[in-house]
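One structure is given here, and the rest of the page talks about it.
The values are calculated or read from the model by the stated rules, or taken from the named source; none is laboratory data. If you're wondering where the values come from, they're calculated on a predicted model, not measured in any experiment. Heads up, the Cβs are rebuilt from the backbone with ideal geometry, glycines too, and the neighbour counts pull from every protein chain shown. When the accessible area is computed, the model is the full protein with side chains, heavy atoms only, and any ligands, DNA or RNA have been set aside. Shrake-Rupley method; radii C 1.70, N 1.55, O 1.52, S 1.80 Å.
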Amino acid sequence: MDKHSHPRVIYFNLRNDIVLDCDGETCSIREAGMLTESITMSGISADELQVKERNVKEEVCSGKSPIEIHFDLKGNAKESKVVASVMTMEDMGAEEMQAIPGLVYHRIPIPDDEALEEKDFDAILNIIKHLAELHTDEDGPALLFSCHNGKTRATIAMVIAGLFVWHKKGFPFQTKCEEQERVSLPNASYTKGEFYVVRRLCQILPNGHQVKREVDVMLDKCSETMTPMHYHIRELIFVTFNKAKIAKNRVAKTNLRRKALDHMERYFYLILFNAYLHAERERSWKRTFTRWMVEVAAKAGVYDLLDSFYFGDFESVPGEMSTMRERWGKPPIGINTFRGQFV
């Protein structure tokens with residue numbers, strides 16, 4: 001913190017699965033036959049997740065039986081052992097805050113590879129909008145976001161926070177529509193996010209194209225910091241949609257289509273969130289994004305667009321997963337979401 005002149009570091013843990021530190025190794029619970037799939041819990045609160053982690057910690061610490069620890073996702077390297085030391089994410093956050101003055105730890109579980117809920121935007125905003133250093137310090141606090149792989153959830157949270165910081169400190173060069181560079185490449189309009197439903201959204205939002213442009217610049221800036229990962233959510237929309245079109249397997253085709261729509265819905269919501277930041281700025285964002293969506297955006301027809309959500313440039317009618325019920329209520333094919341037992 002001294003090196004980079006930040007008065008504080010605000011650390012956001014975005015994982016929505018159970019994570020423990022076992023004898024110095026960071027571990028998460030997996031099913032034996034599905035080691036590559038995290039057992040995530042959509043819609044869970046930070047308090048509920050911390051209770052579950054504490055319960056698992058107690059079970060592991062009881063020493064009644066050894067636990068099986070896998071050191072690779074193929075299941076080749078594994079070890080059964082009785083664990084001597086176990087820490088939850090809450091424990092680790094408290095330990096780090098005690099060791100590093102100025103560090104503040106928050107747990108905000110958000111879904112991976114799915115559209116965020118409106119309350120997730122509010123959870124992040126409620127923390128950063130009360131940071132006094134955003135107003136009084138030139139550099140401001142360092143905002144650190146982490147998830148399982150440092151790509152999907154971390155990127156979205158970075159954009160949410162970055163847009164708010166711009167609204168507080170001013171927008172940089174290139175965020176105005178007339179400052180946008182020309183791109184002469186095949187399908188450039190789609191890699192720039194100009195899909196049918198996005199264009200419709202920009203038409204109904206006040207100054208919609210400018211609002212979208214600001215989101216695009218922030219996405220580009222976040223992508224620049226993640227070059228080794230080659231992750232850019234706006235470009236992934238079109239790439240994933242094309243993969244779905246040529247997929248031979250029905251399950252793969254359906255899951256890829258869902259992923260493409262989820263990427264586009266995240267992008268759609270970022271534009272909506274930036275429109276909210278503009279609209280509520282004079283009132284210091286006292287009305288939450290969730291309330292604004294119901295009281296303002298819904299009346300403009302935003303949920304109608306979300307309920308007929310498809311690639312209208314390439315499809316004549318809405319296809320599979322175009323409705324909110326289909327996208328929000330069904331897990332990807334092949335993913336088992338029920339665990340536990342009936343009592």
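Segment Arg54..Glu79, full-extension length gain: 6.7 nm, with 0.36 nm per residue of separation and the alpha-carbon distance subtracted.
Solvent-free Debye calculation, one equal scatterer per alpha-carbon of the chain: log10 I(q)/I(0) at 0.07, 0.12, 0.15 Å⁻¹ equals -0.33, -0.97, -1.41. Taken along its principal axes, the alpha carbon cloud of the range 35-151 reaches lengths of 53, 35, 25 Å, longest axis first. In summary, the range 230-313 shows an alpha-carbon radius of gyration equal to 1.34 times the 2.2 N^0.38 Å reference for compact globular proteins. Solvent-accessible area assigned to carbon and sulfur over the chain amounts to 52 percent, based on a 1.4 Å probe. For the range 81-222, the dipole from Cβ point charges (+1 on Lys and Arg, -1 on Asp and Glu) about the Cα centre works out to 520 debye, to the nearest 20.
Would you mind counting up the charge near Ile271? Only other residues with Cβ under 12 Å from its Cβ, with Lys and Arg at +1 and Asp and Glu at -1. Could the numbers behind the result be given before it?
Numbers: positive: Arg199, Arg200, Lys212, Arg213, Arg234, Arg266; negative: Glu194, Glu214, Asp216, Glu265.
For residues surrounding Ile271, the net value is +2.
Kirkwood-based Rg over Rh for the range 47-90 (C-alpha set), two decimals?
Details: Rg = 12.1 Å, Rh = 11.6 Å.
Computed over Cα atoms, the ratio is 1.04.
Restricted to Cα atoms, the range 1-77 shows a radius of gyration and a Dmax of 15.8, 48 angstrom. Using a probe of 1.4 Å on the protein chains alone, the accessible area found for Val294 is around 90 Å². Per residue, the solvent-accessible area of the range 23-68 (1.4 Å probe, heavy atoms of protein chains only, all protein chains present) comes to 63 Å². Normalised by 2.2 N^0.38 Å, where N is the number of residues, the C-alpha radius of gyration of the range 88-165 stands at 1.15.
For the chain, the 222 nm mean residue ellipticity estimated from helices alone, with every DSSP H stretch of n ≥ 4 adding -39500 (n - 2.57) and the total spread over all residues, rounds to -13500 deg cm²/dmol. Kirkwood-type hydrodynamic radius, the range 129-179: 12.5 Å, calculated from all non-identical alpha-carbon pairs.
For a straight C-alpha distance cut-off of 22 angstrom, the lysines reachable from Lys286 (same-chain residues fewer than eight places away being disregarded) are Lys119, Lys129, Lys168, Lys169, Lys299.
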